[in-house]
Amino acid sequence: MGKNSNLKQLARFMALAVAHKIGQLMNLNAIYAEKYEKEYKNFMEQAKNIKSRENWNNANKEEIKKEVKSETIKELKRKSHIDDKKFDIMDNEIALSLKELGF
């Protein structure tokens, strides 16, 4: 896989992770909160594996941030069962996930 392909795949897994983290936060008392948390961890682990494949420069990191936000918005729009407040916390959750990966 090329660097661009890894970048897209990394952003996709991070977007899925963020969407699941938001799902967990918005449904703290729901049965699905635990499932969302496990899926978040799984997606972040996959993202970490992809991150380790490349040396990411600052331009790549900026592209990853943009791509993660775009993909997260798409994913959250698909999750209509989660309250629209999900978009209010999205940027913060993206930032926390990027920080967790060292971006």
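Let me check against my output: what whole-number percent is the relative contact order of the chain, with C-alpha pairs under 8 Å and at least 6 apart?
Working: 95 pairs, mean separation 41.2, N = 103.
Answer for the chain is 40 percent.
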**Q.** Relative contact order computed over region 1-44 (Cα-Cα under 8 Å; 6+ residues apart), in percent
**A.** 43
Q) In terms of Cα to Cα distance under 17 Å, which lysines are near enough to residue 74, apart from those fewer than 8 places away along the same chain? A) 8, 21, 65, 66, 85, 86
**Q.** Calculated [θ] (222 nm, deg cm²/dmol) that DSSP helices of n ≥ 4 give over the chain, each run adding -39,500 (n - 2.57)
**A.** -26500 deg cm²/dmol
Q. Where the centroid of each part is defined by its Cα atoms, how far is region 1-18 from region 20-59 in Å?
A. 12
**Q.** Label of the coordinate-derived value, Kirkwood radius over Cα pairs in Å, listed as (i) 16.5; (ii) 13.6; (iii) 16.9
**A.** (ii)
Q) Pick from 30, 47, 17: which is most flexible by mean-square fluctuation in a GNM of the chain where alpha carbon atoms under 10 Å apart are linked? A) 30
Q: Please find, in a Gaussian network model of the chain (springs between Cα atoms separated by less than 10 Å), the residue of 38, 61, 85 whose mean-square fluctuation is greatest.
A: 85
Q) Which Cα, out of 16, 95, 31, lies furthest along the positive dipole direction of the chain (beta carbon charges, K/R +1, D/E -1)? A) 16
Q. Highest GNM mean-square fluctuation, the chain, Cα pairs closer than 10 Å: which of 76, 25, 16?
A. 25
Q: Give the span of region 51-103's Cα atoms along each principal axis, as three whole-Å numbers ordered largest to smallest.
A: 38, 17, 17
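Bear in mind that the values in this text are calculations on the coordinates, not laboratory data. In this text, all values refer to a predicted model and were calculated from it rather than measured experimentally. Neighbour counts are summed over all protein chains in view; Cβ atoms, including those assigned to glycine, are modelled from backbone coordinates with ideal geometry.
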